[in-house]
Amino acid sequence: MEPAGAPPRGCAPAREAEEPPGSPALPAEEPQGGGGRAARRPRVTVDSSKAKTSLEALKISLRQLRWREFPFGRRLPCDIYWHGVSFHDNDIFSGQVNKFPGMTEMVRKITLSRAVRTMQDLFPLEYNFYPRSWILPEEFSLFVDEVRMMKDGDPSWKPTFIVKPDGGCQGDGIYLIKDPSDIRLTGSIQSRPAVVQEYICKPLLVDKLKFDIRLYVLLKSLEPLEIYIAKDGLSRFCTEPYQEPTLKNLHQVFMHLTNYSLNIHSGNFIHSDNVNTGSKRTFSSILCRLSSRGADVKKLWSDIISLVIKTIIALTPELKVYYQSDIPAGKPGPTCFQILGFDILLMKNLKPMLLEVNANPSMRIEHEQELSPGVFENVPSPVDEEVKVAVIRDTLRLVDPQKKKRKDTQCLLDPAIVDCKLQLKIQIEHGMKDKQHKHHSLKLSLKLKFYLKLGSCQTLEHVPEASEEPLGAGPAGRGDGDTPRSPEAGLPSLCLKQVFPKYAKQFNYLRLVDRVAALFIRFLGVKGTTKLGPTGFRTFIRNCKLSNSNFSMASVDILYIDITRRWNSMGNDHKESGMCLQAFVEAFFCLAQKKYKSLPLHEQVASLIDFCEYHLAALDEKRLVCGRG
């Protein structure tokens, strides 16, 4: 992969003008050339005032793209807002922001475990990449009972479990246990809920060390769903040779935990400028090593892509509820995208296992080095810079608002559309004398509508994003002063690969909970809310014709109260009263099991969704007819 840290050759990094707080915004356009030269297009503006630790990588990316940075914010709206922590870092009413509302909450360990568990109930084989998990303290008794049952069934089974605090990060509060009785229940687990998981005892080792993979995933859009995966990532190594867990070595964090923030404090940690050595390396270097040993690297990548898509599919239903709450349809608001950090562990048989998902993966491109006891200095990290700058830069290229405008313009001037328009104009000018002419004109009109509806023209689809030329521009290397160079000339090819909708056909059958969430959102009623009231639930039942002599409206109310009360007692958000999406999904599964008793759960749910959508479509059509009348 191309180095990401340096500006393109032949391009001196332009120093971006900084705007002090409260000063009028400087013009975002580059100056026009004299002597009949074409006007240069306006530069994309980026507000980096909330970028925090990703600031250095962002600055390098903006210099490479020659975009305009506003490090102190700007009075006028910017095209892109780059936040370091959450969607709510700024009040934004337009443009694009690099965070989704609700993402931080969705990838917390408990919420992620619940979302994946719902999918495991529907599709157990497809979601076997996530370790068996229990939520503490509410499932402690269930955890104890299930472990005892499994041990009774297989006396040779000697498991290890890992306990992870729900809100923990950077390895904080994580510990290993051999038995449920070892869980530290005294006070802390009540005030700090956690997830306990089966520990993966047989990981793949490199140089006798355990390691994990940090892969960067771009969620470019929720509706329609669009996912990209970086072609390279980071491999973070433990700093002590691995041994399977025993009572003697359970507490050796440098042997069992791959967290960079823990291992950096080990005396064995190796900072290296070489991507193939040290305690932090590129994932591509590991793949090369595996390939040289005869491993099927293509299958490994295919399994990782599948894991990522399935995990995002598990997260999107609730993300859509958060999104419509913060950015209701019809109200002004930004569009969102987000870079996620997927932490993946490879088992000895090369099966990838999901450890966790990070809403705010570190984008720092330097590390702390201790010069003398207690004295630290930030030192550049070439490995981090190579991977992270490329991810940020190419994320910006994919969300470039100017590119969309160029595509729309190119589409309107595409030869197929221009030819279609010209033929239609000739037909109209010469008059439609007979049925044959009228039929031909109708075909041309339909053809033109089809091309325009595509949005991105058929004839442009083969053009790679990184090599798009502005209208009227010649080849990138041409020294013609009358036409501006492509803004992406000289940049490396994109390091981000689209995996959805590219592979949508293989995974769309998994999106059942997405469709359940659409029903939930439809009946929320008040814009900006995330919980369904009893009236909304009754309306859902009535409109979908789910009540009958065996399931009265009184039974509907009891179902609503029981499930809502239980979910609200789990310590979820109490700011709003009502039924959250997870509770609605449970109620929906219950209704599906009542109505379609002989089918597997996923078929029961799919059948009930079809049933509800059919009745709602009929109701909408009836209302439309009444409205016209």
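The values are calculated or read from the model by the stated rules, or taken from the named source; none is laboratory data. Just so you know, these numbers come straight off a predicted model, no measurement behind them. Using ideal geometry, Cβ is built from the backbone for each residue, glycine included, and neighbour counts are taken over all protein chains shown. Ligands, DNA and RNA are excluded from the accessible area calculation, which covers all protein heavy atoms including side chains. Shrake-Rupley method; radii C 1.70, N 1.55, O 1.52, S 1.80 Å.
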What full-extension length gain, to one decimal in nm, is calculated for residue 151 and residue 172 as 0.36 nm per residue of separation minus the Cα-Cα distance?
-> 4.6 nm
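Using 0.36 nm per residue of separation minus the Cα-Cα distance, give me the extension gain between residue 619 and residue 207 in nm, one decimal. Before the final figure, lay out the partial values.
Working: separation 412, 0.36 × 412 = 148.32 nm, distance 6.40 nm.
Taking residue 619 through residue 207 to full extension adds about 141.9 nm, to one decimal.
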Listed peptides 609-618, 382-391 by packing density, highest first (mean Cβ within 10 Å) = 382-391, 609-618
The stretch 511-627 - percent relative contact order, Cα under 8 Å, separation 6 or more = 29 percent
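Where a ≥ b ≥ c are the square roots of the eigenvalues of the C-alpha gyration tensor, would you call the stretch 137-177 rounded, which needs a/c under 1.5, or, failing that, prolate if a/b is larger than b/c, or oblate?
Numbers: a/c = 5.33, a/b = 1.86, b/c = 2.87.
Oblate is the answer for the stretch 137-177, as a/c is 1.5 or above yet b/c matches or exceeds a/b.
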Along principal axes, Cα extents of the stretch 511-627, largest first, whole Å = 43, 39, 31
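Between residue 85 and residue 368, what's the calculated FRET efficiency when r is the beta-carbon distance and R0 is 30 Å? Round to 0.05. Don't skip to the end; give the middle numbers.
Working: r = 21 Å, r/R0 = 0.69.
FRET efficiency, residue 85 to residue 368: 0.90.
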For the stretch 43-129, dividing by residue count, accessible area per residue (probe 1.4 Å) in Å² works out to 38 Å²
Would you mind computing, in nm to one decimal, how far apart the modelled labels at residue 181 and residue 298 are, each placed 7 Å from Cα along Cα→Cβ?
-> 5.3 nm
Show the residues, 5+ positions off or on another chain, whose built amide H is closer than 5 Å to the amide H of residue 199.
-> 160, 161, 162
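Show me 274-280, 500-506, 374-380 ranked by packing, highest mean number of other Cβ atoms within 10 Å first.
On the way: 274-280: 17.3, 500-506: 14.4, 374-380: 10.1.
Final packing ranking: 274-280, 500-506, 374-380.
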Which order do 179, 47, 172, 273 take by accessible area at a 1.4 Å probe, largest first?
-> 273, 172, 179, 47
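Take the residue pairs 178/248; 50/220; 220/299; 280/348; 178/210 and return only those whose Cα atoms are more than 23 Å apart.
Details: 178/248 11 Å; 50/220 20 Å; 220/299 25 Å; 280/348 20 Å; 178/210 20 Å.
Cα-Cα > 23 Å for 220/299; rest within.
Could you order peptides 238-247, 141-150 by the average number of other Cβ atoms within 10 Å of their residues, highest first? Don't skip to the end; give the middle numbers.
Values: 238-247: 16.1, 141-150: 13.4.
The densest-packed peptide leads the list: 238-247, 141-150.
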For the pair residue 539 and residue 192, how long in nm is the line joining their label points, each one 7 Å along Cα→Cβ?
-> 4.3 nm
Accessible area (Å², per residue) of the stretch 200-342, counting only protein heavy atoms and a probe of 1.4 Å = 40 Å²
